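First the structure, in the form of structure tokens, and then the observations on it.
The values are calculated or read from the model by the stated rules, or taken from the named source; none is laboratory data. Here the structure is a predicted model, which means the values were calculated and not measured. Please note: Cβ atoms are built from the backbone with ideal geometry, for glycine as well, and neighbour counts cover all protein chains shown.
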Amino acid sequence: MQGRYGVDSLNKGLLAIAILTMIASTFVQSQILYWISLIALFLAYFRMFSRNIPARYRENQFLLKHTQKIRAFFNQQKKAFTLRKTHHIYTCPSCKQKIKVPKGKGMIEIRCQKCGTRFQKRS
């Protein structure tokens, strides 16, 4: 693989599309889904074994640039999900700032660091 582009985010996405459409084509018996899966698989392998590294890099950066907000949303949801066992996440009633509070402290007064509003919640 020396001198080849290798695997990046776009290739992983193309391989996922290929696998999902291939599975769906077996259940639906659709030739269109089958051909879509083959085209996605071909593109993934073409990009993976390509020697034109700058062009493949630009393609991947284009994808990352245009999906940044979606990826940030899912990363934020993942982070909130991992914190759910140890912290509560409350929203300030006036400025809507999210505030992280440790669990198990009883009724506490929370002060928003952004606007200074104080409110009581159970932690």
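Looking at R58, R71, just one residue is surrounded by 10 or more Cβ atoms within 10 Å (Cβ to Cβ), closer than 30 Å to S25 by Cα and without any contact (Cβ under 8 Å) to a residue 40 or more places away in the chain, and that residue is R71.
Among all residues of the range 86-99, there is at least one that is surrounded by 15 or more Cβ atoms within 10 Å (Cβ to Cβ), among the β-branched types (V, I, T) and under 30 Å from K121 (Cβ atoms). Is the range 97-113 home to any residue that is assigned to a helix (DSSP H, G or I) and farther than 30 Å from V7 by Cα? Looking through the range 97-113, none of the residues is assigned to a helix (DSSP H, G or I) and farther than 30 Å from V7 by Cα. Of everything listed in (1) in the same structural domain as I19 (by TED's automatic domain parsing); (2) touching a helix residue (DSSP H, G or I) at 6+ places or on another chain (Cβ under 8 Å), the single unmet condition for R58 is (2).
Okay, residues lined up against (1) over 30 Å from E109 (Cα atoms); (2) at pLDDT below 95:
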{"site": "G6", "(1), (2)": "yes, yes"}
{"site": "K12", "(1), (2)": "yes, no"}
{"site": "Q31", "(1), (2)": "yes, yes"}
{"site": "L43", "(1), (2)": "yes, no"}
{"site": "F46", "(1), (2)": "yes, no"}
{"site": "E59", "(1), (2)": "yes, no"}
{"site": "I70", "(1), (2)": "yes, no"}
{"site": "K78", "(1), (2)": "no, yes"}
{"site": "H87", "(1), (2)": "no, yes"}
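Taking the conditions (1) surrounded by 14 or more Cβ atoms within 10 Å (Cβ to Cβ); (2) part of a helix (DSSP H, G or I) in turn, K65 satisfies each one other than (1). Looking at L10, is it assigned to a helix (DSSP H, G or I) and free of Cβ contacts under 8 Å to residues at least 24 places away in the same chain? For L10, the condition - assigned to a helix (DSSP H, G or I) and free of Cβ contacts under 8 Å to residues at least 24 places away in the same chain - is not met. Scanning the range 77-84 for any residue that is surrounded by fewer than 13 Cβ atoms within 10 Å (Cβ to Cβ), among the hydroxyl-bearing types (S, T, Y) and in a helix (DSSP H, G or I) turns up at least one such residue.
If only residues of the range 7-46 that are surrounded by fewer than 18 Cβ atoms within 10 Å (Cβ to Cβ) and small (G, A, S) are counted, the one that is farthest from K65 (Cα to Cα) is S30. I want to confirm something. Restricting to the range 89-123 and keeping residues that are of a type in the set (S, T, N, Q) and in contact (Cβ under 8 Å) with a residue 24 or more places away in the chain, which single residue is nearest to Q77 (Cα to Cα)? The qualifying residue nearest to Q77 (Cα to Cα) is S123.
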